[in-house]
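Asks: First the structure, which I've put down as C-alpha cells, then a few questions once you've had a look.
The values are calculated or read from the model by the stated rules, or taken from the named source; none is laboratory data. Please read these numbers as outputs of a predicted model, since none were measured by experiment. Quick reminder, even Gly has a Cβ in these numbers, built from the backbone with ideal geometry, and neighbours come from all protein chains shown.
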Amino acid sequence: MDRRRLVTIGAVILGAIATQLLVWLIRPVDEPPPFVGPPRSDYTLADFELNALDEQGRLAFTVTAPTLARRNDDGSLWVETPQFRLSGKDGDNWKGRSQTAWVTKDGTRMLLGGEVEMHRDTTDVARYARLETRDVTAYPKDRKLETQAPATITQPGSILRGTGMKADLETHQLELLADVHASFARPRKP
C-alpha cells in the first residue's frame, strides 16, 4: 500500500471519530421524568358528616367517618372506616359500616370496601333485615346495591346465604344470585 492510501484511510477514520464526538456532544440530554408520586388530595376532613342529595333534593346518603380525602385528579372521595346511611323508600334507611369507601365526584356510585355490615330497622312497610358481605357497589341516587361476594341476609325467622347479591332499596327486594342456602325457624306454638 502506498503512503497516500494510508493517509486517506487515516483521514477518513479521524473524520468518522470527530463526527461521532460532535454528534455525542451536541445531542440533547434526556431529562429524567419528573417525580409525580401518588395522587394528592385537594383537601382532607377529620371527624366529619357528609349529606348527599339526589337530583330531586332528597337525601341520597349520609357518611360519617374519621377521615375523608378528596382527590384532585378526578374529584372522588376516599373515606376510611365510614358509617353510612343509604336512604330507601318512605324513610326506611339502611345503616351500616365498611372498612373503606370511595365515592365518585357526582355521588352516583359508592364502593364500600372490605367487610360490610348493613341493617334496616322495622318500619310500617318493611321488617328488620341485616346484611353481611364485603366489597359492595352502591348506587345511592338510584337506591341500589350489588356485590359478587358471599352474602348473608338475616331477618326474623330466617337466614339466607348465597354468593352475589342485588338489592333495590325502593322496592325492598334483596336477591341472592347463586349457591343460595336458607334456614327457617319453626313457628312457635301458641
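Asks: Could you please find all residues in region 73-93 being more than 16 Å from the chain's Cα centre (by Cα), surrounded by fewer than 17 Cβ atoms within 10 Å (Cβ to Cβ) and free of Cβ contacts under 8 Å to residues at least 40 places away in the same chain? Step through it out loud before you land on a result.
Replies: Initial filter on region 73-93 (more than 16 Å from the chain's Cα centre (by Cα)): 85-93.
Okay, now just the ones that are also surrounded by fewer than 17 Cβ atoms within 10 Å (Cβ to Cβ), so 89-91.
Of everything in region 73-93, those that are more than 16 Å from the chain's Cα centre (by Cα), surrounded by fewer than 17 Cβ atoms within 10 Å (Cβ to Cβ) and free of Cβ contacts under 8 Å to residues at least 40 places away in the same chain turn out to be D90, G91.
Asks: Could you check region 69-93 and list, in sequence order, the residues that are touching an Asp or Glu at 6+ places or on another chain (Cβ under 8 Å) and in a strand (DSSP E or B)?
Replies: Hits for region 69-93 are R70, R71.
Asks: Farther than 30 Å from L174 by Cβ, surrounded by 10 or more Cβ atoms within 10 Å (Cβ to Cβ) and of a type in the set (S, T, N, Q): is that true of T44 in this structure? Spell out the reasoning first.
Replies: Numbers: farther than 30 Å from L174 by Cβ: yes; surrounded by 10 or more Cβ atoms within 10 Å (Cβ to Cβ): yes; of a type in the set (S, T, N, Q): yes.
Criteria met by T44.
Asks: Moving on to the next point. Mind counting the residues in region 156-180 that are surrounded by fewer than 16 Cβ atoms within 10 Å (Cβ to Cβ) and either in contact with a Phe, Trp or Tyr (Cβ under 9 Å, 6 or more places away or on another chain) or outside the structural domain of D135 (by TED's automatic domain parsing) (or both)?
Replies: Counting residues in region 156-180 that are surrounded by fewer than 16 Cβ atoms within 10 Å (Cβ to Cβ) and either in contact with a Phe, Trp or Tyr (Cβ under 9 Å, 6 or more places away or on another chain) or outside the structural domain of D135 (by TED's automatic domain parsing) (or both) gives 4.
Asks: Test of understanding: among T108, T147, T122, which residue is in a strand (DSSP E or B) and out of contact with any helix residue (DSSP H, G or I) (no Cβ under 9 Å at 6 or more places or on another chain)? Spell out how you get there, then give the answer.
Replies: Numbers: T108 fails: in a strand (DSSP E or B); T122 fails: in a strand (DSSP E or B).
The match here is T147.
Asks: When you go through (1) surrounded by fewer than 18 Cβ atoms within 10 Å (Cβ to Cβ); (2) assigned to a strand (DSSP E or B); (3) touching a residue at least 24 places away in the same chain (Cβ under 8 Å) one by one for G96, which number turns out not to apply?
Replies: (1)
Asks: Hey, any hits in region 134-152 for a residue that's touching a His at 6+ places or on another chain (Cβ under 9 Å), free of Cβ contacts under 8 Å to residues at least 40 places away in the same chain and either over 26 Å from R186 (Cβ atoms) or not acidic (D, E) (or both)?
Replies: Step one: list which residues in region 134-152 are touching a His at 6+ places or on another chain (Cβ under 9 Å), which gives none.
Checking region 134-152: not a single residue is touching a His at 6+ places or on another chain (Cβ under 9 Å), free of Cβ contacts under 8 Å to residues at least 40 places away in the same chain and either over 26 Å from R186 (Cβ atoms) or not acidic (D, E) (or both).
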